[in-house]
Amino acid sequence: MKKLLKLSLIAGFMITAFSASAQTPKKAPLSPPDTVRTTTKKGVAIEVAYSQPSVKGRTIGTDIAPYGKWWRTGANNVTTITFSKDVKVEGKALAAGKYALYTIPGEKEWVLMFNKDITSWGTKYVEADDVLRVTVKTDKAPAFVEQMKFMVDPAGKVSFAWGDKLVAFTVR
């Protein structure tokens, strides 16, 4: 009888411990995924899927996303941008489709690379897979943005803000 009572108590404690640990809330990912989309006034559906890295007290251009070196423009999986129709990005033709978006950050300008390899984790970049490259001026963000944020508006302006940086390009 004592053995049965002892086993019952042990089993009860184990069940309580397992159910308590199963109810522990999961932490949010460090770089949460996000997707933004819109349809422009000209009927082009644009979608950007990315993960939002945080600045965390680091300096963009030196500590993270170093100037002059390619960067995956986000975190985790490669950032992708999709166009439902053929478009012009900063006046240069780009066929409808889904592309990985890489950048080369700079102090005054950023180079945007639309790359056909959308399956990469984002840590491998092959320049030969670029379909289009455009250079855009970098602006100062109106307010500091801790986690990267993409925006797409119906006029065809695609932009992202991160830290004190604002990078934007036009899609027509």
Conditions: (1) at pLDDT below 95; (2) under 20 Å from the mean Cα position of the chain (by Cα); (3) of a type in the set (A, V, I, L, M); (4) surrounded by 10 or more Cβ atoms within 10 Å (Cβ to Cβ). A28 meets all but one. Number of the miss?
-> (4)
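Within the stretch 58-77, which residues are among the aliphatic types (A, V, I, L, M) and within 18 Å of V134 (Cβ to Cβ)?
Of the residues in the stretch 58-77, the ones among the aliphatic types (A, V, I, L, M) are 60, 64-65, 75.
The answer is A65, and nothing else.
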Go through T35, T79, T62 for me and flag whichever is surrounded by 13 or more Cβ atoms within 10 Å (Cβ to Cβ), polar (S, T, N, Q) and either within 24 Å of K140 (Cα to Cα) or modelled with pLDDT of 95 or more (or both).
-> T79
Yes or no: A100 aliphatic (A, V, I, L, M), more than 26 Å from L30 (Cα to Cα) and part of a strand (DSSP E or B)?
-> no
A155, sole failed condition from (1) in a strand (DSSP E or B); (2) farther than 16 Å from A49 by Cβ; (3) not polar (S, T, N, Q) = (1)
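Check S159, S120 and return the single one that is closer than 21 Å to F83 by Cα, among the small types (G, A, S), surrounded by 14 or more Cβ atoms within 10 Å (Cβ to Cβ) and free of Cβ contacts under 8 Å to residues at least 40 places away in the same chain. Lay out the reasoning, then the answer.
Details: S120 fails: free of Cβ contacts under 8 Å to residues at least 40 places away in the same chain.
That would be S159, the only listed residue that is closer than 21 Å to F83 by Cα, among the small types (G, A, S), surrounded by 14 or more Cβ atoms within 10 Å (Cβ to Cβ) and free of Cβ contacts under 8 Å to residues at least 40 places away in the same chain.
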Only residues that are outside any strand (DSSP E or B), of a type in the set (V, I, T) and free of Cβ contacts under 8 Å to residues at least 12 places away in the same chain: list them for the stretch 61-89, please.
-> T62
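The values are calculated or read from the model by the stated rules, or taken from the named source; none is laboratory data. Every value quoted in this text rests on a predicted model; they were computed, and no experiment measured them. FYI the Cβ positions are ideal-geometry reconstructions off the backbone, even for glycines, and counts take in every protein chain you see.
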